[in-house]
Amino acid sequence: MTYSVAVSGASGYAGGEILRLLAAHPDIEIRTVTAHSNAGQPLIEHQPHLRSLAHLTLHDTTPEILAGHDVVFLALPHGQSGQYTDALADAPLIIDAGADHRLTSRDAWDAFYGGAFHEPWVYGVPELLTTAGKQRENLQGATRIAAPGCNASTVSLSLVPGVAAGVIDPSDIVSVLAVGPSGAGKSLKTNLLGSEILGTANPYAVGGTHRHIPEIRQALAAASSHAPDDIRISFTPVIVPMARGILATSTAPIAAGATDAQIRDAWQNAYADETFVQLLPEGHFPRTADVLGANTALMGLAVDRAANRVTVVTAVDNLVKGTAGAAVQSMNIALGLPEGRALTVNGVAP
Ligand SMILES: NC(=O)c1ccc[n+]([C@@H]2O[C@H](COP(=O)([O-])OP(=O)(O)OC[C@H]3O[C@@H](n4cnc5c(N)ncnc54)[C@H](OP(=O)(O)O)[C@@H]3O)[C@@H](O)[C@H]2O)c1
């Protein structure tokens, strides 16, 4: 069977990456692409790297245009998806790359986003442990999927094994992330001009204001007996001059009595059978170049006894494993297709 697909936000970074991956998917026909201010223009004007899709024209993003497809991807600014998801009640499968359906807590939504709260959908990070098994099981046959925030899924994948196994203390997590500016989207922003980011590292959303914080607390709580409020995370992203990629360094105190072997086993056991989340051998740590273009999260782990903390360094491509790859992987699971179809573990380096 071939599934017809519509991709909204197709002129943007997330939509463009969804299209790049789907263009190589043998079970998918990309039938419709939509945009907003650029509607009416050829897709190739905005995504000149997508040569095989040069025949497509960007349409307006309306419920009528998105209706009638087997799968609809929403890759819109946060706060925009809800209106379409309500109107697309008959769509067999909708995957939202935005934040509108990620959070289970209305209070957290109000505190970090504001505006209309929409019901939470199945979270599109298959490898995440929960107290009821892997998130993958919830994705099987799902009809509504919320793809993750890129920083949020990177940090959650980094720490969930240790929280689930009780070998780290989640009340004192520190995460500092080097992030590429594509994570902030393609629309013009002065602070993301080349002259503002080349040759400099720029921290932003310092001091507990970043919108991905409640998403991380939600994921860590779902893997443990901790309430989201018991999970405290100091989260600092730093924009660095690389178009794509996230290198997240997360640390947390070692839980009382946890041995080095128990700590490493927690991560090893969580990801031993996973294709797209890989724990590197002891003493090895990832580079962002190792995952560019790949659907892989690579992580290295160190037990720092002198600091009494566990350190996890994780690299992902924000546009692949952080968004579009997670969305396509989740789609494959929901449709009963091979999970890794159209996705690669190999990065583009140097
Ligand atoms: N970038 C990432 O690494 C990343 C990672 C995880 C999740 N996400 C999520 O993915 C979503 C899209 O992000 P992005 O980075 O792709 O942003 P982007 O590059 O700025 O693209 C936004 C897209 O949405 C369209 N759009 C803007 N306003 C709209 C409206 N009112 N109605 C319909 N369409 C509208 C734009 O169309 P025009 O160009 O025609 O105006 C464009 O196609 C966001 O919710 C973001 O949080 C992004």
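For the stretch 145-168, which positions are outside any helix (DSSP H, G or I) and either more than 16 Å from the ligand (Cβ to nearest atom) or farther than 15 Å from Ala97 by Cα (or both)? Quick ask: steps written out before the conclusion?
Within the stretch 145-168, the first condition is being outside any helix (DSSP H, G or I), and the residues that meet it are 145-149, 166-168.
Of everything in the stretch 145-168, those that are outside any helix (DSSP H, G or I) and either more than 16 Å from the ligand (Cβ to nearest atom) or farther than 15 Å from Ala97 by Cα (or both) turn out to be Gly166, Val167, Ile168.
Conditions (1) on the phi < 0 side of the Ramachandran plot; (2) hydrophobic (A, V, I, L, M, F, W, C); (3) under 19 Å from the mean Cα position of the chain (by Cα), marked per residue:
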residue: Asn138; (1), (2), (3): yes, no, yes
residue: Arg144; (1), (2), (3): yes, no, yes
residue: Pro148; (1), (2), (3): yes, no, yes
residue: Ser175; (1), (2), (3): yes, no, yes
residue: Gly180; (1), (2), (3): yes, no, yes
residue: His212; (1), (2), (3): yes, no, yes
residue: Ala219; (1), (2), (3): yes, yes, yes
residue: Pro228; (1), (2), (3): yes, no, no
residue: Arg232; (1), (2), (3): yes, no, no
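Of the numbered conditions (1) at pLDDT 95 or above; (2) more than 14 Å from the ligand (Cβ to nearest atom); (3) over 22 Å from the mean Cα position of the chain (by Cα), Leu56 satisfies every one except a single condition; which is it?
Failed condition: (2).
Looking at (1) farther than 23 Å from Gly293 by Cβ; (2) within 16 Å of the ligand (Cβ to nearest atom), which is the one condition that is false for Val5?
Only one criterion is unmet by Val5, namely (1).
Determine whether Pro63 is in contact with a Leu (Cβ under 7 Å, 6 or more places away or on another chain), of a type outside the set (A, V, I, L, M, F, W, C), farther than 19 Å from Cys150 by Cβ and in contact (Cβ under 8 Å) with a residue 12 or more places away in the chain. Even if it seems obvious, please write down each step before you answer.
Details: in contact with a Leu (Cβ under 7 Å, 6 or more places away or on another chain): yes; of a type outside the set (A, V, I, L, M, F, W, C): yes; farther than 19 Å from Cys150 by Cβ: yes; in contact (Cβ under 8 Å) with a residue 12 or more places away in the chain: yes.
When the stated conditions are applied, Pro63 passes them.
In this structure, is Thr85 surrounded by 16 or more Cβ atoms within 10 Å (Cβ to Cβ) and either near the ligand (Cβ under 10 Å from one of its atoms) or at pLDDT below 95 (or both)?
Spelling it out, Thr85 is indeed surrounded by 16 or more Cβ atoms within 10 Å (Cβ to Cβ) and either near the ligand (Cβ under 10 Å from one of its atoms) or at pLDDT below 95 (or both).
Condition check ((1) over 20 Å from the mean Cα position of the chain (by Cα); (2) near the ligand (Cβ under 8 Å from one of its atoms)) across all residues:
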position: Ser11; (1), (2): no, yes
position: Thr34; (1), (2): yes, yes
position: Ser37; (1), (2): yes, yes
position: Leu43; (1), (2): yes, no
position: Thr62; (1), (2): yes, no
position: Ile65; (1), (2): yes, no
position: Ala75; (1), (2): no, yes
position: His78; (1), (2): no, yes
position: Asp90; (1), (2): yes, no
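Take the residues in the stretch 182-208 that are under 23 Å from the mean Cα position of the chain (by Cα) and away from the ligand (no atom under 16 Å from the Cβ); name whichever of them is farthest from Gly15 (Cα to Cα).
Here the answer is Gly207.
I'd like to verify a number: residues in the stretch 88-116 that are aromatic (Phe, Trp, Tyr) and surrounded by fewer than 17 Cβ atoms within 10 Å (Cβ to Cβ), how many? Don't jump to the end; show me each part of the working.
We begin by selecting, within the stretch 88-116, every residue aromatic (Phe, Trp, Tyr); these are 109, 112-113.
Those left that are additionally surrounded by fewer than 17 Cβ atoms within 10 Å (Cβ to Cβ): none.
Residues in the stretch 88-116 being aromatic (Phe, Trp, Tyr) and surrounded by fewer than 17 Cβ atoms within 10 Å (Cβ to Cβ): 0 in total.
Suppose we filter Ser187, Ser171 for residues that are within 30 Å of Asn38 (Cα to Cα), part of a loop (DSSP other than H, G, I, E, B) and among the hydroxyl-bearing types (Ser, Thr, Tyr); which single one remains?
Step by step, each of Ser187, Ser171 is checked, and only Ser187 is within 30 Å of Asn38 (Cα to Cα), part of a loop (DSSP other than H, G, I, E, B) and among the hydroxyl-bearing types (Ser, Thr, Tyr).
Tally time: how many residues in the stretch 198-211 are under 24 Å from Leu76 (Cα atoms) and either in contact with a Ser or Thr (Cβ under 9 Å, 6 or more places away or on another chain) or not in a loop (DSSP other than H, G, I, E, B) (or both)?
Of the residues in the stretch 198-211, 3 are under 24 Å from Leu76 (Cα atoms) and either in contact with a Ser or Thr (Cβ under 9 Å, 6 or more places away or on another chain) or not in a loop (DSSP other than H, G, I, E, B) (or both).
The conditions are (1) over 20 Å from Arg144 (Cβ atoms); (2) within 13 Å of the ligand (Cβ to nearest atom); (3) within 25 Å of the chain's Cα centre (by Cα), and Ala23 fails exactly one of them. Which is it?
(2)
Among all residue pairs at least 6 apart or on different chains, which show Cβ distances below 7 Å where the first residue, located in the stretch 169-198, is closer than 28 Å to Pro253 by Cα and the second is part of a strand (DSSP E or B) and at pLDDT below 95?
none
The values are calculated or read from the model by the stated rules, or taken from the named source; none is laboratory data. Quick caveat, the model's predicted, so the values are computed rather than measured. Cβ: placed from backbone, ideal geometry, glycine included. Neighbour counts: every protein chain shown.
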